[in-house]
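Inspection log for the structure reproduced underneath, given as structure tokens.
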Amino acid sequence: MSASLLSEPGETVWLRVDVGLPMAARREAARLARRIGIDEERVGSVEIAATEAATNLQRHATDGALVLRVALDGEHASLDVLATDTGPGIADLPGALRDGASSAGTLGVGLGAIARLADVFDIHTLPGRGTAVLARFHADQDRPQAGSVEFGGLTRPIGGEEMCGDTWAVRYAEEPPAESEEEPESLPRPVLAMMCDGLGHGPQAARAGEVAQEAFRASRATRPQQVLEDLHRAMRGTRGAAVAVVRADFAGGRLEFAGVGNTTTCVVTDGRRTSLLSSPGIVGAHLPRARTVVAEAAPGAVLVMHSDGLNDRWAADGFPGLFARRPPVIAAQILRDAGARRDDIGVLVLKEAPAR
């Protein structure tokens with residue numbers, strides 16, 4: 001049997017804050033919801049959430065975006081409505097989350113009602129800096145219980161481009177034991193996570209990223225260095241890329257890392273950040289023997305991987321309370337503070353799923 005792909009970037013729409021944002025958000029959210037099979041009654045809930053989130057951005061953000069993202073988890077799809085802004089933050093978060101509390105000029109449903117409509121809701125706010133709000137809608141309401149690892153990533157092309165050379169993917173490192181009677185998705189299995197930064201930007205960088213995704217999906221390797229070797233062979237003839245691969249075993253408290261080129265991989269634990277260092281080189285052109293780095297994944301550890309489109313000098317203790325939130329919210333807040341508009345951006349966050 002082959003190892004199972006868990007996720008890679010689905011269709012992502014970035015909508016900037018302008019006068020037409022609420023209408024565009026409603027239209028695009030409905031389109032994506034129908035595309036992944038959300039039923040018509042639930043499409044209405046998606047439209048309400050997207051419009052309210054967009055109107056809040058319009059009224060309160062000094063800068064920001066609404067991100068509509070198809071989130072893939074094995075064979076299951078969801079739609080993420082993710083609002084991220086630079087703004088005043090929310091001084092009274094409990095009050096703002098009361099059902100029915102809303103800003104003047106919005107639909108009147110407020111954050112509390114968005115939380116009620118969504119299958120998954122999360123929020124993080126920093127006074128004077130901004131807020132990230134996540135509302136996730138599942139396509140299948142009877143989806144099985146999530147596994148032992150949760151993850152989320154964001155990609156954004158450089159300004160003026162539609163294609164992004166940064167990408168990521170997550171798959172199981174190994175198949176579950178054949179004798180197991182448990183649902184495979186519920187087992188605490190290690191995963192492999194890849195962050196890829198295709199050199200440059202535009203179609204050729206995006207093609208390098210696509211080949212990396214395909215090779216990662218096809219690889220049967222179970223260790224990061226082996227995965228890099230598979231990607232290197234597949235990517236010959238492309239522009240090449242910087243690639244980092246982590247084998248994450250949160251249940252066992254162990255991370256294995258190998259990387260080539262300029263990406264950032266770090267482990268955040270109790271507000272402290274530990275970086276895992278890559279080797280020089282280009283996957284697809286010049287692959288050195290990348291050293292394998294082993295790190296501890298203590299309880300509550302969060303793994304963050306990103307391209308050089310984000311400044312790697314962000315401080316973990318500069319985001320109070322963030323690393324207890326859902327991965328897409330973590331990714332959005334780091335991207336807001338550390339992301340640049342002059343390069344493609346990719347960021348991926350993994351952590352142990354909360355006990356259910």
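The values are calculated or read from the model by the stated rules, or taken from the named source; none is laboratory data. Treat the numbers as computed from the prediction; the structure is a model and nothing was measured. Every residue, glycine among them, receives a Cβ derived from its backbone with ideal geometry; neighbour counts consider all protein chains shown.
Remarks
- Residues satisfying the stated conditions in segment 323-356, i.e. of a type in the set (Asp, Glu) and closer than 19 Å to Ala248 by Cβ: Glu352
- Looking only at residues of segment 25-42 that are of a type in the set (Asp, Glu) and farther than 12 Å from Leu79 by Cβ, we find that the one that is nearest to the chain's Cα centre (by Cα) is Asp39.
- Among the residues listed as Val283, Val227, the single one being at pLDDT 95 or above and in contact with a Phe, Trp or Tyr (Cβ under 7 Å, 6 or more places away or on another chain): Val227
- Only one of the numbered conditions (1) out of contact with any strand residue (DSSP E or B) (no Cβ under 7 Å at 6 or more places or on another chain); (2) over 27 Å from Pro188 (Cβ atoms); (3) assigned to a loop (DSSP other than H, G, I, E, B) is not met by Glu214, and that is (3).
- Taken over segment 309-323, residues that are touching a residue at least 24 places away in the same chain (Cβ under 8 Å) and in a helix (DSSP H, G or I) amount to 4.
Table: residues versus (1) in contact with a helix residue (DSSP H, G or I) (Cβ under 9 Å, 6 or more places away or on another chain); (2) under 18 Å from Leu348 (Cα atoms); (3) assigned by TED's automatic domain parsing to the domain that holds Ala169.
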position	(1), (2), (3)
Ala251	no, no, yes
Glu256	yes, yes, yes
Cys266	yes, yes, yes
Ser275	no, yes, yes
Pro288	no, no, yes
Leu303	no, yes, yes
His306	yes, yes, yes
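- Residue match in segment 219-241 (condition: part of a strand (DSSP E or B) and surrounded by 16 or more Cβ atoms within 10 Å (Cβ to Cβ)): yes
- Taking (1) at pLDDT 85 or above; (2) in a loop (DSSP other than H, G, I, E, B); (3) out of contact with any helix residue (DSSP H, G or I) (no Cβ under 9 Å at 6 or more places or on another chain); (4) more than 18 Å from His60 (Cα to Cα) in turn, Ala178 satisfies each apart from (1).
- Matching entry among Thr274, Thr264, Thr238 (being of a type in the set (S, T, N, Q) and in contact with an Asp or Glu (Cβ under 8 Å, 6 or more places away or on another chain)): Thr264
- Entry remark, segment 317-330: residues being hydrophobic (A, V, I, L, M, F, W, C) and closer than 15 Å to Arg129 by Cβ number 4 in total.
- Residue in segment 61-78 that is in a helix (DSSP H, G or I) and either surrounded by 23 or more Cβ atoms within 10 Å (Cβ to Cβ) or free of Cβ contacts under 8 Å to residues at least 60 places away in the same chain (or both) present: no
- Residue in segment 82-104 that is aliphatic (A, V, I, L, M) and modelled with pLDDT of 95 or more present: yes
- Pro288 vs. criteria more than 18 Å from the chain's Cα centre (by Cα) and either farther than 30 Å from Arg236 by Cβ or surrounded by fewer than 16 Cβ atoms within 10 Å (Cβ to Cβ) (or both): yes
- Looking only at segment 288-308, residues that are assigned to a loop (DSSP other than H, G, I, E, B), modelled with pLDDT of 95 or more and among the hydrophobic types (A, V, I, L, M, F, W, C) come to 3 in all.
- Output for segment 298-328, where each listed residue is touching a His at 6+ places or on another chain (Cβ under 6 Å) and buried (at least 24 other Cβ atoms within 10 Å of the Cβ): none
- Test for Gly261: is it within 26 Å of Leu126 (Cβ to Cβ) and outside the structural domain of Gly130 (by TED's automatic domain parsing): no
- Among the residues of segment 8-30, those identified as among the small types (Gly, Ala, Ser) and either closer than 11 Å to Arg69 by Cβ or in contact with an Asp or Glu (Cβ under 6 Å, 6 or more places away or on another chain) (or both) are Gly10, Ala29, Ala30.
- Those residues of segment 337-356 which are in a helix (DSSP H, G or I) and touching a helix residue (DSSP H, G or I) at 6+ places or on another chain (Cβ under 9 Å), in sequence order: Asp337
- Candidate set: segment 157-176, residues that are farther than 21 Å from Ala218 by Cα and in contact with a Lys or Arg (Cβ under 9 Å, 6 or more places away or on another chain); chosen: the one surrounded by the most Cβ atoms within 10 Å (Cβ to Cβ): Cys164
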